[in-house]
1. Just for segment A:281-293: of the residues that are surrounded by 16 or more Cβ atoms within 10 Å (Cβ to Cβ) and either more than 9 Å from chain B (Cβ to nearest Cβ) or not charged (D, E, K, R) (or both), which one is farthest from the chain's Cα centre (by Cα)?
2. Which of the numbered conditions does B:L129 fail, given that it passes all the others? Conditions: (1) farther than 25 Å from A:A153 by Cα; (2) in contact with a Phe, Trp or Tyr (Cβ under 6 Å, 6 or more places away or on another chain).
3. Kindly evaluate A:G61 against the criterion of being away from every other protein chain (no Cβ under 12 Å) and either free of Cβ contacts under 8 Å to residues at least 60 places away in the same chain or surrounded by fewer than 20 Cβ atoms within 10 Å (Cβ to Cβ) (or both).
4. Examine segment A:348-370 for a residue that is in contact (Cβ under 8 Å) with a residue 60 or more places away in the chain, in a strand (DSSP E or B) and in contact with a Lys or Arg (Cβ under 8 Å, 6 or more places away or on another chain), and state whether such a residue exists.
5. Of the residues A:F293, A:F263, only one is over 30 Å from B:G64 (Cα atoms) and among the aromatic types (F, W, Y); which?
6. Whether any residue in segment A:480-493 is farther than 16 Å from A:G208 by Cβ, among the hydrophobic types (A, V, I, L, M, F, W, C) and surrounded by fewer than 24 Cβ atoms within 10 Å (Cβ to Cβ) is what I want to check.
7. Return the total of residues in segment A:321-330 being in a helix (DSSP H, G or I) and surrounded by fewer than 17 Cβ atoms within 10 Å (Cβ to Cβ).
8. Anything in segment B:21-36 that is under 18 Å from the mean Cα position of the chain (by Cα) and without any contact (Cβ under 8 Å) to a residue 24 or more places away in the chain? List them, or say none.
Amino acid sequence: MYQYDQYDQKLVDERVAQFRDQTRRYLAGELPDDEYRMLRLRNGLYVQRFAPMLRVAIPYGLLSSKQVRMLGHIARTYDKGYGHLTTRQNIQFNWPTLESVPDILADLASVQMHAIQTSGNCIRNFTSDHLAGVAADELVDPRPYCEIARQWATLHPEFNWLPRKFKIAISSSTTDRAATRVHDIGVHIVRNEHGELGYTMYVGGGLGRTPIIGVKIRDFLPEADLLSYCEAVLRVYNRLGRRDNIYKARIKILVKETGAAKFAELVEAEWAQIKDSYLKLTQADLDRVKQHFSQPGYDAAAANDTTYTAQIAANPAFAAWTRRNLKAHRVPGYSAVFASLKAKGVAPGDIDAAQLDAVADLAERYSFGEVRVTHTQNLVFADVQRKDLYPLWQALAGLGLATPNIGLLTDVICCPGLDFCSLSNASSIAVAEEIFERFENLDDQHDIGEMKLNMSGCMNGCGHHSVGHIGILGVDKKGEEWYQITLGGSSSNDASLGDRTGPSVSRADIADAVQNLIETYLAERHSEDESFLACYRRVGMSPFKTRLYAAVEAKA
Amino acid sequence: MSTTLLRNQRVEADDYTPLADDAALPASGKVIVSYGRWQAEREALLASSLAIGVKLPNTVDVAGVLPEIADRPLIALDFPAFPDGRAYSQARLLAERFAYKGELRATGKAVVRDQIGFMVRCGFTSFELREGQDPAACIQAIHEFSVPYQQAADHARPVFLRRRA
């Protein structure tokens, strides 16, 4: 993985010193509240319902064991012993004191980590495919491009005070696992008909109050021009993006109000001015970063293992886990292993200090000392050889990280909701737990098959509800928690926004509502091969709606 | 109200006077007029013996108005609110793309120690500090970061060029 050189390290250290001084001045009453708020947000620090929350960047989701141990140390030392993985490959600590944050940042800097631009109206953490470098359907490893772009965006002098936050995701595989179409800029790495590498560029996607799927503004951008093109998009946005209304300030609104074709023209005109500038990447620049992501030393004999099949035959629980939590690896004899952070009685995405320490050890023992975090709030050991799958499973099971539910109904994407967040209207974690308990039976879940249930506590949409196959959005109705349901959303290649079923349902009815939707699907589907999403797209809203509201009314 | 002016990384006396749109022209000296007044009274202003700087609103497309202002000895760009960063883009275009060599002045609510480093990087050369700012701390803040990732208008040698060497 990428290793900081003296420059990267110095910049992060200097950012810690700068933030320490900003915090000191704030506490001394020298810095106005609203200005400190904007400055601390640019270093990931929120003040939440009960305490400050610090969001730490995990660039494109990649962590070394050493970094994971440091996250455990921070959870133990400054927090209540755990952290929370977010839907954008960050980790949040919900209980640090404001005064301790500069020390936390110094600890992070000691392992090449930071919280720079994890919030605020600036360019945020770059996200990517959690299977980068190992997926069989990958064109090239997207991580070097992410790292190059991360450096370009870090403390960019022109774009640190944008109209609104700005999120960029980069994907390089046939299946989009990075939800690129719901980002302000979505980058697909592609090869053109001449065999040259480049990018298809999407802009104006986003979730939140006005969810929109991004539009393509360029079919093919040459490989060397990634930064100049992003800079052109950002410059047009910084100049023309709305600042009169926070709800209309994202680039998606600018693209919509300008028209995609006209917006593309503005970008192209700006890009023409800068494409041959210093922003053009050289082969040496690319190679220098690419060498950090060279393949680890895979064992050529890994595929010869015979113990694995015997263990599958002997142990049904292990077999169930391998069916759900392993993904194909491009190297024979290796698998990418998902550790599920969606267990009974645990808030989705939460991980405690002991688990973090153990994950660091397991990564060293079984996966070249690296682990990834996913936007679905799970962990991935990307390079595990076949003979190690059984002991890894045993260890994960002992840690409560082996729930065999990846991609199933209980693999819920969920924001912190009313329990932590001061923006939230309604609980999300408690609803997730109720749904977990109801659908815990794995046979039922396997029967339901591929399912994305996404839940947000408010319309800011941190739980990506708009792109859930089933989306649940918490709304406030006269001080009570209600839930708006959408069906048919997707953040993959066939990206779409969910359709509202109708009136929201109450807290008491929401788990029943999910069950009714699932039962409708089971009754309507052609066969077990037709997923919930495919079935919904075929039969439409009507049967789901009829059953859902008949049940709600019958109860009322 | 007198503001503190930083220029050449030190406090300097402000040789320019802001001139209200309805104020009479002084006989001599240096003034800063609004872009509106510059457009409306350009001939009369040029006929005076004044040195005339122009202050642009941050909503103006710099490329579009360049021919009208390129020969001014001073262009002031405005930050009407602390988080409104439009003038950063205006400054980079003037300083980098259009090679403006006059005084590029930052004015308004964001001209504080916490943003001045970015302003220097985007090509501003003088700063009307917001009231209550400590000039020494602002000068120090310009050097808070020793190596930038990006090339910009301040000609600091960016990391990627150092690595190529």
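1. Of segment A:281-293, the ones surrounded by 16 or more Cβ atoms within 10 Å (Cβ to Cβ) are A:281, A:285-286, A:288-290, A:293.
Subsequent filtering for residues that are either more than 9 Å from chain B (Cβ to nearest Cβ) or not charged (D, E, K, R) (or both) retains A:281, A:286, A:289-290, A:293.
Details: A:L281: 27, A:L286: 25, A:V289: 23, A:K290: 23, A:F293: 21 Å.
In this case the residue turns out to be A:L281.
2. Status for B:L129: all satisfied but (2).
3. Considered against the rule, which asks whether it is away from every other protein chain (no Cβ under 12 Å) and either free of Cβ contacts under 8 Å to residues at least 60 places away in the same chain or surrounded by fewer than 20 Cβ atoms within 10 Å (Cβ to Cβ) (or both), A:G61 comes out as no.
4. There is no residue in segment A:348-370 that is in contact (Cβ under 8 Å) with a residue 60 or more places away in the chain, in a strand (DSSP E or B) and in contact with a Lys or Arg (Cβ under 8 Å, 6 or more places away or on another chain).
5. After ruling out the rest, the residue left standing is A:F293.
6. Filtering segment A:480-493 for residues farther than 16 Å from A:G208 by Cβ gives A:480-483, A:485, A:487-488, A:490, A:492-493.
Checking which are among the hydrophobic types (A, V, I, L, M, F, W, C) leaves us with A:482, A:485, A:487.
Restricting the remaining residues to those that are surrounded by fewer than 24 Cβ atoms within 10 Å (Cβ to Cβ) gives A:482.
Among the residues of segment A:480-493, at least one is farther than 16 Å from A:G208 by Cβ, among the hydrophobic types (A, V, I, L, M, F, W, C) and surrounded by fewer than 24 Cβ atoms within 10 Å (Cβ to Cβ), which makes the answer yes.
7. Kept after step one, since they are in a helix (DSSP H, G or I), are these residues of segment A:321-330: A:321-325.
Subset that is surrounded by fewer than 17 Cβ atoms within 10 Å (Cβ to Cβ): A:323.
So the answer is 1.
8. Keep residues of segment B:21-36 that are under 18 Å from the mean Cα position of the chain (by Cα), which gives B:30-36.
Passing the criteria: B:V31, B:V33, B:S34, B:G36.
The values are calculated or read from the model by the stated rules, or taken from the named source; none is laboratory data. Keep in mind the model is a prediction, meaning the values are calculated, not measured. Here Cβ is always computed from backbone atoms with ideal geometry, including for glycine, and neighbour counts include all displayed protein chains.
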